[in-house]
Amino acid sequence: MEKESRLERGYKKMLEIDGEAGKKVGSSLNDISPELVKYMIEYSFGDIYSRDVLDLKSKEIGVVAALTALGNAEPQLKVHINGALNVGCTINDVKEIILQMTAYSGFPTAINAMNALKEVIKEREDMGIKDIAGEDSTREVLPNERYEVGVRELAELDSNQLENLKSAYDEFSPDLVKFIVNGQADIYARNNLNKRYREIATISALAALGNAEPQLRFHINAGLNVGLTADEVKEIMLLITIYAGFPCAINGTNVLKEVLASRVCL
C-alpha cells in the first residue's frame, strides 16, 4: 500500500481538529495562493499536529493562549477556539485560558479573545452544535487571604520565587511584588484548569511573544515542577513555529536548554 503523503495526513488532521472552520481558511486562500494552503496543511497539520508527544487538547490550549497573547490574528484565533472545543475543551476551559492571558499580554488582548469566543459559541449554536459549558468550581479567595494564598500558589510553581521577587523589587517597587503575588491568588488559585494546562498556556504565550525571556525561563521551570516533561516543552516550541515563527521557537528552545542545565546542577 502506498504511504500516506504529508498533505493527506495533514488534511485528515486538520478536519479532525478544526472541521469546517479549517476548510474555510483553505478555501479563502486557494484562489490567491494555493501554495500557501498546501504548505500550511503539510507543515502545520501533516508534520506538527500529527506528532503525538502532546495530546490535541494540550496543543489547542497552547495555541489559543499564544494567539490570544499575540493579539493580531483574530480569524486564526477563532479557528483554534473551534478546534479547542472540538478536541475536548469545555467553554469554561477556554474562558480560563483567556482570563489567564490578562497577566501576560494585558486586558485588551483578553477582552478581544473573549469576544471572539462569544462569536464562536454563537456560530456553533447556529450550526446545531451544543458545547459543554464545563464545571465552574472556583472557590472565592477572601480579600484578606489573597497574599497568603498567592504565596502558596507561587511556591507550588517554584519555592524560591517569592524570595527572588523580594530581593529584586522589594526596595524599589514593593507594590509590584504584592500585585504579582495577589495575581497568583486571583488567577492560578482558580481550580477550573489544572496546573499542567496552565503552564502549557503560559509557556506557549511567552514563547510566541518572544520578548520576556526571564519570565519564560521561570515558567518552563514551573512547568517541569508541576509535571510537564522536557519533551513536552520541546513540543510546545515546535508548535510555536507555526504561529510565531522559527526565531521565537529557537529562542524558546534555547531557554529550555538553559533551564534543564540549571536543574541538573542543583
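The values are calculated or read from the model by the stated rules, or taken from the named source; none is laboratory data. Computed from a predicted model, the values in this text were never measured in an experiment. Here Cβ is always computed from backbone atoms with ideal geometry, including for glycine, and neighbour counts include all displayed protein chains. Side chains are part of the model used for accessible areas, which takes the heavy atoms of the whole protein and leaves out ligands, DNA and RNA. Shrake-Rupley method; radii C 1.70, N 1.55, O 1.52, S 1.80 Å.
Figures for the structure shown
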item: Unmet criterion (only one of (1) touching a residue at least 60 places away in the same chain (Cβ under 8 Å); (2) buried (at least 22 other Cβ atoms within 10 Å of the Cβ); (3) out of contact with any Cys (no Cβ under 7 Å at 6 or more places or on another chain); (4) not aromatic (Phe, Trp, Tyr)) for Ala208; result: (3)
item: Residues (outside any helix (DSSP H, G or I) and either touching a strand residue (DSSP E or B) at 6+ places or on another chain (Cβ under 7 Å) or under 25 Å from Ala230 (Cβ atoms) (or both)) located in the range 50-88; result: Ser50, Arg51, Asp52, Val53, Leu54, Asp55, Val87, Gly88
item: So Ala110, is it touching a residue at least 40 places away in the same chain (Cβ under 8 Å) and within 18 Å of Gln215 (Cβ to Cβ); result: yes
item: Residue list for the range 228-249, restricted to those being in contact with a helix residue (DSSP H, G or I) (Cβ under 8 Å, 6 or more places away or on another chain) and without any contact (Cβ under 8 Å) to a residue 40 or more places away in the chain; result: Leu228, Ala230, Val233, Met237
item: Some residue of the range 220-235 being closer than 30 Å to Tyr39 by Cβ and polar (S, T, N, Q); result: yes
item: Hits in the range 156-202 (condition: acidic (Asp, Glu) and in a helix (DSSP H, G or I)); result: Glu156, Glu163, Asp175, Asp186, Glu199
item: Verdict on Ala222 being more than 19 Å from Ser159 (Cβ to Cβ) and at pLDDT 95 or above; result: no
item: Residue within the range 65-88 that is within 21 Å of the chain's Cα centre (by Cα), farther than 30 Å from Arg190 by Cβ and either open to solvent by less than 30 Å² (accessible area, probe 1.4 Å) or not acidic (Asp, Glu) (or both) present; result: no
item: Answer from Ala249, Ala261 - the residue that is out of contact with any Asp or Glu (no Cβ under 9 Å at 6 or more places or on another chain) and either more than 22 Å from Ala69 (Cβ to Cβ) or surrounded by fewer than 21 Cβ atoms within 10 Å (Cβ to Cβ) (or both); result: Ala261
item: Hey, Glu20 outside any helix (DSSP H, G or I) and modelled with pLDDT under 90 or not; result: no
item: Some residue of the range 142-155 being touching a residue at least 60 places away in the same chain (Cβ under 8 Å) and in a loop (DSSP other than H, G, I, E, B); result: no
item: Close pairs from the range 61-79: first within 14 Å of Lys118 (Cα to Cα), partner at pLDDT 95 or above and of a type in the set (Asp, Glu), Cβ under 7 Å, at least 6 apart; result: Lys78/Glu119
item: Output for the range 89-104, where each listed residue is more than 19 Å from Lys59 (Cα to Cα) and either open to solvent by less than 30 Å² (accessible area, probe 1.4 Å) or not in a helix (DSSP H, G or I) (or both); result: Thr102
item: Residue within the range 26-48 that is in contact (Cβ under 8 Å) with a residue 40 or more places away in the chain, within 18 Å of Ala208 (Cβ to Cβ) and crowded, with 17+ Cβ neighbours inside 10 Å present; result: yes
